[in-house]
1. Report the local net charge at Q49: Lys and Arg +1, Asp and Glu -1, summed over other residues whose C-beta lies under 10 Å from its C-beta.
2. Which of S176, V257, A244 sits closest to the plus end of the dipole of region 175-284, meaning its Cα is farthest towards the positive end, when Lys and Arg get +1 and Asp and Glu get -1 on the C-beta?
3. Working with all protein chains in place, sort H149, H259 by solvent-accessible area computed with a 1.4 Å probe, largest first.
4. Calculate, for S228 and E53, the FRET efficiency according to 1/(1 + (r/R0)^6) with r their C-beta to C-beta distance and R0 51 Å; round to the nearest 0.05.
5. Solvent-accessible area per residue for region 175-284 at a 1.4 Å probe radius, Å²?
6. Count the net charge of all other residues whose Cβ sits under 10 Å from the Cβ of A254, scoring Lys and Arg as +1 and Asp and Glu as -1.
7. If R₀ is 35 angstrom, what is the calculated FRET efficiency for the pair S214 and D117, using the beta carbon separation as r and rounding to 0.05?
8. Which loop-located GluC sites (Glu not before Pro) does region 62-170 contain, where loop means any DSSP state but H, G, I, E or B and the Cβ has at most 16 other Cβ atoms within 10 Å?
Amino acid sequence: MRPTGRRRAVPAAVLVLGLAGCGAGQAAEDDGRLDVVVSSYPLQYVAEQVGGEHVAVANLTPPGGDTHRLDPAPRDVAALSEADVVVHLSGGMQPAVDDVVARERPEHLVDAASVADRGPDPHFWLDPLRLAGLGRDVAAELAEVDPDHADDYAARADRLADLLAGIDREYTEALSDCRGATLLASHEAFGYLAERYGLRQVGVAGLDPMVEPSPTRVRAAADAVGGSGARTIFFEAAAGSSVAEVLAADLGLATDVLHPIERVQDGESYPGLMSANLAALERGLVCNG
Ligand SMILES: [Zn+2]
């Protein structure tokens, strides 16, 4: 609801329920905050960091839910069409949401496709500097809807960019001896990360973790690994590791968890998951140092 200066108290219990369990948008519509609807966790993280106390962010993908397979319920469609600002990543990662956004044509839409420029690979958020770019886009759109807090949004986007630059520095320093190292992953979600830090990603399953890789694809991954010196295969805990473990056993590789930061449980956060990922990469990559 656009800030009209009007504020009505909403019982706390209802507020919490609205954001997480009962679909988007139901919660904050009467407390003067902007209703921001997003379609995945990385977008939620950015909207919350940039919007702060001026926004109520609802994520259409429930905690732990499969971002790639999100199918919005009617109440989600309603929330999206009533939102003050919508943040979505178009381009096929969530085709059902792409359809709703195309149909509803929200007046204030931030499309993260502007920072996801590696063709069909949607996982731009694993490059912290690209995520900072999205923060600025969100700040600009919020300021358009709510000019009274424009300075606040800009300052918060700067703070987020500093935090993400810090993560980038940690990765750059820790992986400085790893240029060219092979990152063998069950879910091909790390193309942006690999590009940013000079790694070579080899994926077993494609860009969608739930699509069983064909034997040809598994053999191709095995061939790509052969001679690369890779000693670890990274898999996504939430998507199960069956294929990764079979391949690891076949090739005598270790297994470790690398989080694509899509299916995020309550209590988990982007900075925490990025630092856990860095620790796993330091353990599992074969580097020159
Ligand atoms: Zn993915």
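The values are calculated or read from the model by the stated rules, or taken from the named source; none is laboratory data. Since this is a predicted model, take the numbers as computed values, not measurements. Here Cβ is always computed from backbone atoms with ideal geometry, including for glycine, and neighbour counts include all displayed protein chains. Note: areas computed on protein heavy atoms with side chains; ligands, DNA, RNA excluded. Shrake-Rupley method; radii C 1.70, N 1.55, O 1.52, S 1.80 Å.
1. Details: positive: R156, R159; negative: E48.
Net local charge, Q49 excluded: +1.
2. Toward the positive end, the furthest listed residue is S176.
3. Details: H149 60, H259 35 Å².
My answer, sorted largest first, is H149, H259.
4. Values: r = 48 Å, r/R0 = 0.95.
The formula returns an efficiency of 0.60 here.
5. Details: 4600 Å² over 110 residues.
Here the per-residue accessible area is 42 Å².
6. On the way: positive: R231, R283; negative: D256.
Combined, the nearby Lys, Arg, Asp and Glu give +1.
7. Values: r = 28 Å, r/R0 = 0.81.
So the FRET efficiency works out to roughly 0.80.
8. Sparse-neighbourhood loop GluC sites (Glu not before Pro): E107.
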